[in-house]
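None of the figures in this text is laboratory data; all of them are computed from the coordinates on show. Computed from a predicted model, the values in this text were never measured in an experiment. Positions of Cβ are generated from backbone atoms using ideal geometry, with glycine treated the same way; all protein chains shown enter the neighbour counts.
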Amino acid sequence: MRIVYYPDPVLLKPAATLEAVPEDLATILEGMRHVMKLERGIGLAAPQVGLSLRIILVSETGEEGDEQVLINPEIVKFEGKKEWGEEGCLSFPGIWGEVLRHERVVVRYRDESFAECEMKAEELLARVLQHEIDHLDGKVFVAKMRESDRIRNKARLQELRDNFETLQA
Ligand SMILES: [Zn+2]
């Protein structure tokens, strides 16, 4: 398992909803945890490792063992103001920019045993959840970036597209 980079098509299409716990869930999560630790991420969505499934990992601290698994996560409530905040993404190395996100969210999801759960999050965790759940819908943060940041990152984005083409050739 490794990180998939933009513009790999798996990042740009909606991921599949899980009907039950997949048989290989433990293997999937082990791989995702490993990648997240290696890359020092605070969030990771399954499409980012090439799996078109609605599974995300989030961690408030980035510490090992702190990550939470959310299957089929869905934002059921957006709360508070919308705030600009800087984001990066493991699938977009070298790109950072400000994105407008809600201050607080309520997320409904299934845990590792497929039990229905709900989580309230604010500040950084709320931002990470919105970013990762967007991945499951095939939405990437550069599309929501502040105009000036998009312009600033334009050359780097083109570089990622060129690299991807070279790898496909
Ligand atoms: Zn991302």
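What number, rounded to the nearest 500 deg cm²/dmol, is the helix-based mean residue ellipticity at 222 nm of the chain, given -39500 (n - 2.57) per DSSP H run of at least four residues and division by all its residues?
Theoretical 222 nm ellipticity from helices: -9500 deg cm²/dmol.
To make sure I understand the rule: partners must be lysines, Cα under 26 Å from the Cα of Lys82, and not fewer than 8 residues away in the same chain. Which ones qualify?
Lys13, Lys120, Lys139, Lys144, Lys154
Give the order of Ser59, Ser148, Ser91 when sorted by the count of other beta carbons within 10 angstrom, beginning with the fewest.
Fewest-to-most ranking of Ser59, Ser148, Ser91: Ser148, Ser59, Ser91.
Suppose the chain between Phe114 and Asp162 were pulled fully straight at 0.36 nm per residue; how much longer would it get relative to their current alpha carbon spacing?
13.3 nm
Where is the GNM fluctuation largest for the chain (alpha-carbon springs, 10 angstrom cutoff): Gln48, Gln158, Gln68?
Most flexible of the set in this elastic network: Gln158.
Just for the Cα atoms in the chain, what are the lengths along the principal axes, largest first, rounded to whole Å?
44, 41, 28
Using Cα centres only, tell me the gap between the range 84-138 and the range 41-67 in whole Å.
If you average the Cα positions of each part, the centres end up 10 Å apart.
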